[in-house]
Every structure is written in C-alpha cells, then in structure tokens.
Amino acid sequence: MVAPKNVRPGAFKEKSALTDDLYAFERHFFGTYYKFVCGAIRSVDPHHLVVSNRHAGELFVLETWKKGFFGRIVDLLSIFDLIDVNLYPQLGRNHHVKERLQILEWLNQQTGRPIMNGECGMAARSSGIAMAEWWQPKTVDTQAQRGQGYRNIVSTAANLSFMVGFQWFKWTNGGGHRGSVYRRNAGLINDENKPYRDMITEVIAVNKAVRNIERSASFKIGDIDFGD
C-alpha cells in the first residue's frame, strides 16, 4: 500500500501493516509526549495536580470517540491526574445532551481520572448577532433558553461524581474583530458590556446552588430521564 500525501492513520479505511505501524507510532509519540510533560512538571512541583491537554474536537457521538483517535490512545491519558476536554451540546442532534455526557463518562471510565469540561457554551438568536455557521448547532432562540441550558448542563455536571470542573465559554461574545467566521453570542455580557439579564439570572442562581450541593457517588447518567 502506498501512503497518501499528508499521511495520517485516519486517512486509511483498510487495515494493513502500514496502518499498524502508523498507529504504533501514534501511541509512541503521544505516550512519550505525555510522560515528558508530566515528568517535567512533577520533578519541580510534585504537590499539585497535573491536568491533561485541553482536548477538543467536533466529535459528538461516543462511538466516534471509541473508533477514532481517542479510542486508540485513551489509556495513555491515565498518566495525568485530571482529564480536561472541550465539549459543547449540539442542539441540532437528537439526544445531544445524553451523547455529550456519555463521552465524559467514558473518558472517566477508561482513564480512572476525574473529568473537567474546560469549554462549553451556547448562543441565542435574540442577541441579533449573525452567528458563524459552526455556532449554529449551539444556538437556541432566547437568552432565557440559554440560561436554562446553563442550568441543565452545570447542575447535571455538579451531580456526577466523576466531574470536578466546568467552564462556560465565555465572558464576552468576541470574535467580531477576526471576521464573521468567529462571530457568536458566547458571552455573559454583550458588545456594549451590558449583561444578558435573563442569562445572568440563571447563572447566578445555579452557581450559588452548586456550591452547597451534596453529591451522591451512586448517581449515574443512566439515572437521568432523557425522554427517549
């Protein structure tokens, strides 16, 4: 088999000696990188947690994660103390919340490490912003719906024993100066530095509530009624 231009393991649909070599090198590369980074940090600072790379991607189905890159290297991530991943709800998909939670749970099960959702968010059409195409699946109609989305996402994460952190993207909308491809209603405040009141009301209430939450280790994703 001849290697295609810009060769990478995912470029091949058929298994062969070449793909075996590529996958082996992939594991060697990332395994070496992870060991180097963790070793260097722990050699000078052994008393703090080492967080993984902030893994990101437009993959929103668990089976896609299992069959792709992460399925091939997920066990190597156990060298970190905490696994960080960017994962947004995809509002145009059926059971988008369920799929997202299943991915986070799978990462915990495969690594034995707690999980942090280092980037997540959604937009609202009522903001009047012409949303970038890639933000359309993350977009609801109103700021009140955004607030409800925040409540659902954060309160669920707070009740799952394997989740230890969450970050909403982000304080401001941003992106306008970089061209329309980055335009989105991501912020808690608008471009005039005024808060999206319906959104902020939910954020404040939820953040207060989760500070005092008593988590049960027995609560699982399977306990949630997704209506399916």
Legend entry - Cross-link reach list, aspartates and glutamates versus K35, counting only Cα pairs under 16 Å and skipping chain neighbours closer than eight places: E26, D45, D75, D81
Legend entry - Separation of alpha-carbon centers, region 60-83 and region 151-228, rounded to whole Å: 24 Å
Legend entry - Low-density loop cleavage sites - chymotrypsin sites (Phe, Trp or Tyr not before Pro) in region 104-186, where at most 15 other Cβ are within 10 Å (DSSP): W171
Inset, instruction - Report the residue, chosen from K170, K98, K15, that carries the largest GNM mean-square fluctuation when the chain is represented by alpha-carbon nodes joined by springs under 10 Å. - result: K15
Inset, instruction - Select from region 14-122 those GluC sites (Glu not before Pro) which occupy a DSSP coil region and have at most 14 other Cβ atoms within 10 Å, ordered by residue number. - result: E14, E58
Legend entry - D223-K35 FRET efficiency (beta carbon distance; Förster radius 35 Å; 0.05 resolution): 0.40
Inset, instruction - Show which lysines lie in cross-link reach of K138 when reach means a straight Cα distance below 19 angstrom and same-chain residues fewer than eight apart are skipped. - result: K98, K170
Inset, instruction - With a Förster radius of 25 Å, plug the Cβ-Cβ distance of E26 and N53 into 1/(1 + (r/R0)^6) and report the FRET value to the nearest 0.05. - result: 0.95
Inset, instruction - At a temperature of 4 °C and a viscosity of 1.567 mPa s, determine how fast region 143-228 diffuses translationally according to Stokes-Einstein, using the Kirkwood radius over alpha-carbon pairs as Rh; express D in µm²/s, rounded to the nearest whole number. - result: 89 µm²/s
Inset, instruction - Taking each pair of different alpha-carbon atoms in the chain once, compute 1/r for the pair, average those values, and report the inverse of that mean as the Kirkwood hydrodynamic radius in Å to one decimal. - result: 19.7 Å
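Read-outs: derived from the displayed coordinates by stated rules, not from any lab. Every value quoted in this text rests on a predicted model; they were computed, and no experiment measured them. We place every Cβ from the backbone using ideal geometry, glycine too, and count neighbours over all the protein chains shown.
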